[in-house]
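Reviewing the structure listed below.
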Amino acid sequence: MEKKRVLLKLLDFALTARNDLVARLNSEEKSATGTWKRWSAKDAFAHIAHWLGRDLQNIEKPAGPILLFDENNIDAENRKIYDAWANKSWDEVGRFFSDTYERAKTLVGGMDEKRLHDNLERTDGSKRPIWQSIAGHGLTHVTSHLGLVYRRRTEIKEATALEEKAAKLLRDLDDGPEWRGTIQYNLACHYALVGQKQPAIVLLKEALQLDPKLTEWSKKDPDFDGIRNDPDFAEVYS
């Protein structure tokens, strides 16, 4: 399947997933003021749209290598984003989210397949194709944050359905081992976070076989802290 068609489906799915969650929130949840340590749903939506919007800016008007964020500087950057949107209204954030996704759909819709494979250079010298950047911040990033809101509402079934549907769509983009490994890894994280040890272990093992570069991070990834001390978890690294 053409990446363009899949990406447009992914972006539509992300918008629908966001709207489905919003329909479940009551007025207090919508107006809730979060903190830097515990974001409200509004904070999460602003965060998601900001990062996707940054990707779109880098694609539309590239200004040299893209600054790469990692575990050493990502929290400081996310704090800036949180502070910038914390006092905005629910409606303002909602419009920002919707407008950013419509902008992404317009941008993707105007690209051909060759352009989607063009690489975006990053400050560490690595490169990432445009399609992968849009899929990452357009959907993978969405499911992690929406999943957190569902888990806090103890709606585990809904969170799992969201993660599994997203993973299925993402697999349609590429069948390379690194991409498949990333998808399996993220799904493993979800299962670990909801206490479903066995599928988490199975998926993590598959992910590390597909992309061994994920191994070192998996050993310290806090998403697995809830099951890391379980004897069965050691099987992943045997």
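For (1) more than 17 Å from the chain's Cα centre (by Cα); (2) more than 24 Å from Asp118 (Cα to Cα), each residue gets a yes or a no:
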residue	(1), (2)
Leu10	no, no
Leu21	no, yes
Glu28	yes, yes
Gly34	yes, yes
Arg38	yes, yes
Leu52	no, no
Ala76	yes, yes
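Evaluate the following for Thr215: is it surrounded by fewer than 18 Cβ atoms within 10 Å (Cβ to Cβ), out of contact with any Gly (no Cβ under 6 Å at 6 or more places or on another chain) and hydroxyl-bearing (Ser, Thr, Tyr)? Yes. Among the conditions (1) of a type in the set (S, T, N, Q); (2) open to solvent by 90 Å² or more (accessible area, probe 1.4 Å); (3) closer than 30 Å to Glu2 by Cβ, the only one that Asn72 does not satisfy is (3). Of the residues making up segment 69-89, not a single one is in contact with a Leu (Cβ under 7 Å, 6 or more places away or on another chain) and not aromatic (Phe, Trp, Tyr). Residue pairs whose Cβ atoms lie under 8 Å apart, separated by 6 or more positions or on different chains, with the first residue in segment 206-226 and closer than 22 Å to Gly195 by Cβ and the second exposed (fewer than 11 other Cβ atoms within 10 Å of the Cβ), are Gly226/Gly195.
Taking each residue of segment 169-181 that is of a type in the set (A, V, I, L, M, F, W, C) and looking for partners that are assigned to a loop (DSSP other than H, G, I, E, B) and open to solvent by 50 Å² or more (accessible area, probe 1.4 Å) with beta-carbon atoms closer than 9 Å, six or more apart or interchain, yields Leu173/Met1. Scanning segment 128-154 for residues that are within 17 Å of Ile59 (Cβ to Cβ) and among the hydrophobic types (A, V, I, L, M, F, W, C) gives Ile130, Trp131, Ile134, Ala135, Leu139. Go through segment 81-120 and give me each residue that's more than 15 Å from Ile59 (Cβ to Cβ) and either polar (S, T, N, Q) or surrounded by fewer than 11 Cβ atoms within 10 Å (Cβ to Cβ) (or both). If the condition is that a residue be more than 15 Å from Ile59 (Cβ to Cβ) and either polar (S, T, N, Q) or surrounded by fewer than 11 Cβ atoms within 10 Å (Cβ to Cβ) (or both), then Asp83, Asn87, Ser89, Asp91, Ser98 are the ones that fit.
Yes or no, residue by residue, for (1) surrounded by 16 or more Cβ atoms within 10 Å (Cβ to Cβ); (2) without any contact (Cβ under 8 Å) to a residue 60 or more places away in the chain; (3) among the acidic types (Asp, Glu); (4) under 25 Å from Thr106 (Cβ atoms):
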position	(1), (2), (3), (4)
Lys3	yes, no, no, yes
Phe13	yes, no, no, yes
Asn19	no, yes, no, yes
Gly53	yes, yes, no, yes
Asn58	yes, no, no, yes
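Number of residues in segment 94-108 that are of a type in the set (Phe, Trp, Tyr) and more than 18 Å from the chain's Cα centre (by Cα) equals 0. Filtering segment 106-118 for residues that are closer than 27 Å to Tyr150 by Cα and of a type outside the set (S, T, N, Q) leaves an empty set.
The values are calculated or read from the model by the stated rules, or taken from the named source; none is laboratory data. A quick note: this is a predicted structure, and the numbers were derived from the prediction, not measured. Glycine also receives a Cβ, built like all others from the backbone with ideal geometry; neighbour counts cover every protein chain displayed. Keep in mind that these areas ignore ligands, DNA and RNA; they rest on the heavy atoms of the full protein, side chains included. Shrake-Rupley method; radii C 1.70, N 1.55, O 1.52, S 1.80 Å.
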